[in-house]
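Colleague: Quick one: this structure, given as structure tokens, is what I'll be asking you about.
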Amino acid sequence: MSQFKDLGLNPRILQALEEMGFEKPTPIQEKTIPFLIGSEKDVIALAQTGTGKTAAFSLPIIQKIDESDTNTQCLVLCPTRELAIQIEKDINNFTKYSPGIKSLAVFGGEMIDKQIRSMRDKPQIVVGTPGRVNDLIRRRVLKVESIKWLILDEADEMLNMGFKEEIDETIINMPEQKQVLLFSATMNRSVRRIADNYMKKPHDIAVENQEQGSKNIEHFYYMVHEKDRYQALRRIADMNPDIHGIIFCRTKRETQQVADKLMQDNYSAEAIHGDISQEQRTLVMNRFRDKKTQLLVATDVAARGIDVNGLTHIINYNLPESVETYVHRSGRTGRAHNTGISLVIVNMREQYRIKALERQIGQTFEKGMIPTGEQICERQLFNLIDNVCQIEINEKQINKYLELINKKFENMEREELIKKFVSVEFNRFLEHYQNASDLNTSSPQEREQPRKSSMLFSRFSINVGRNAGINVKDLLQFLNSQPELRSVEIGNITISDSSTVFEIDDRYKNQIMEIFKNIQMNGLNIEIICEASGIESSRDFYRKESRPPRRGGFSPRRNGGGGGGGRPPRRR
């Protein structure tokens, strides 16, 4: 791997990078920086969170900006306030020895008057969320007639959050001659439409194995009954007294509920999600960065742009819908050559998804055991003792109290004194975990609900999901329409954005593989994998239906027959 000095950056930028501790460029930086320094072509770069994309697009622009021109020359659009603040902070650090370059972050949730006043300093680089940027353009405060560079950072997330109209309006106001740089974790249809409409023969930059996780991260999963999910979280936190991490939840409501429970149980935890104010968010993030808060409970959207060094753990309170989201989450630890841990809490119905995730990120998940009460008490006891041994004594302050302290303890034996000091901090763990049950579960006999049958199933996965228009009803109707499956029992069906997993009576395994052979849907070849056979289903069976698939639903075709709706595939 090359050094930053090999990428063509000027000495002022290199000096700032050296002081920031930047040593070697990441793959996306190594590919993007030299290209942008030497080219004015538009660029599409596929890059995940945590890959160093801010430096990849900002360093070449900092080098090429005209410091004598006080007009706004570069506009960076990003999905969240936190990300806008972080990008501008990084740019400010990169320009430490380039005093002629000014930058500013603008975003909603803060009084616009303050940002209008800041625009009077004539920043050449403006970083902002689409809504606030458009507001400033309409007020003629942000003038984009001199824009030379437009960066769309995390374009897929901006479109997912509904910013398409604001992005369109912003770009329409800009000059025709400009360089557009689009950074995205995925290249879905909406992102491709933006590229087709506003970019000219863009150069593609991609890092191999985009969905692979960092090799510095260890991946674990813990399997528990659904009702024990929160208690499992508590035990994981208690087993790691020095934890400093993020707990990811699916919804704003769940995020707040988990954070409230943790705080009620005396954990150092706070929540961030879309319903909290910018002022509150800033206070929460400052406490988290300063390690005054150990656990941050967050939604994926609210966590966009969080860049906190030294995180020890990422805890997935629930599995995310897509592999891209999991990589985004786990990539917030294990940075800058440090190691990190990513944990997933799953119930028995979700266990099969771990195998699929392992294949997609190219790494193995180790099954972790939820610690027992006895193990936690032992860990907390020795952590307390270690902290006592390592504490620094303020001799000047403590000496004036020593005589009184010694008098208080003069009738107490050494062993009793030690026990009492330890018990001050330790009693709450002893009380909580007294007679604590084992939360681990692994065998089919331990399932939460009684089974109605001992029938064995095969589990299959196909590479299309909600994004291709699949839902449970349509898949059931398609399977039921196949003559070979007229009396088959169908088990659990799980549909995510990009894949579908379903269970079929194990005796029909070969028929299923044949039915899905050489089939297309919406122009995409359907690939089917048998993930497991001879297993028990994780739910009661779906009822048989005899109706044919409805028009426009899940209606794949044989290769060569187009895609989308219409009749189901003909049998050979």
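Colleague: Computed over the Cα atoms, what is the radius of gyration of segment 99-194 divided by 2.2 N^0.38 Å, N being its residue count? Kindly include the intermediate steps, with their values, before the conclusion.
Modeller: Numbers: Rg = 13.6 Å, N = 96, 2.2 N^0.38 = 12.5 Å.
Cα Rg divided by the expected 2.2 N^0.38 Å: 1.09.
Colleague: Using only alpha carbons, build the gyration tensor for the chain and give me the equivalent ellipsoid semi-axes, biggest first, whole Å.
Modeller: Values: eigenvalues 368, 343, 75 Å².
One finds semi-axes of 43, 41, 19 Å for the chain.
Colleague: Which of the peptides 229-240, 395-406 is most tightly packed, and how do the rest follow, going by the mean number of other Cβ atoms within 10 Å of each residue? Don't jump to the answer; show the numbers that get you there.
Modeller: Numbers: 229-240: 20.0, 395-406: 8.9.
Output ranking for 229-240, 395-406: 229-240, 395-406.
Colleague: For the chain, what is the mean residue ellipticity at 222 nm derived from helices alone (per DSSP H run of n ≥ 4: -39500 (n - 2.57); sum divided by total residues; nearest 500 deg cm²/dmol)?
Modeller: On the way: 19 runs with 210 residues, N = 572.
Using -39500 (n - 2.57) per qualifying helix, the result is -11000 deg cm²/dmol.
Colleague: Less than 16 Å apart at the alpha-carbon level, and either on another chain or at least 8 residues along: which aspartates and glutamates does that give for LYS64?
Modeller: GLU40, ASP42
Colleague: Related question: What share of Cα pairs, in percent, lie more than 18 angstrom apart in segment 374-432?
Modeller: Details: 863 of 1711 pairs.
Looking at segment 374-432, the distances longer than 18 Å represent 50 percent of pairs.
Colleague: Kindly provide the trypsin sites (Lys or Arg not before Pro) of segment 288-363 that DSSP labels as loop, not H, G, I, E or B, and whose Cβ sees at most 15 other Cβ atoms within 10 Å.
Modeller: When the trypsin sites (Lys or Arg not before Pro) of segment 288-363 are filtered for loop state and at most 15 Cβ neighbours within 10 Å, LYS291, LYS292 remain.
Colleague: With +1 on each Lys and Arg Cβ and -1 on each Asp and Glu Cβ, how big is the dipole of the chain about its Cα centre, in debye rounded to the nearest 20? Intermediate results must be reported in sequence, preceding the final value.
Modeller: On the way: 82 positive and 78 negative charges, 408 e Å.
Value, rounded to 20: 1960 debye.
Colleague: Here is a further query. Just want the ordering: CYS389, CYS249, CYS377, CYS530, from fewest to most Cβ atoms lying within 10 Å of their own Cβ.
Modeller: Numbers: CYS389 7, CYS249 22, CYS377 19, CYS530 14.
Listing CYS389, CYS249, CYS377, CYS530 from fewest to most nearby Cβ atoms yields CYS389, CYS530, CYS377, CYS249.
The numbers here are math on the coordinates, done by the rules we state, and not lab data. This one's a predicted model, so the numbers in the text were calculated from it and none came from an experiment. Please note: Cβ atoms are built from the backbone with ideal geometry, for glycine as well, and neighbour counts cover all protein chains shown.
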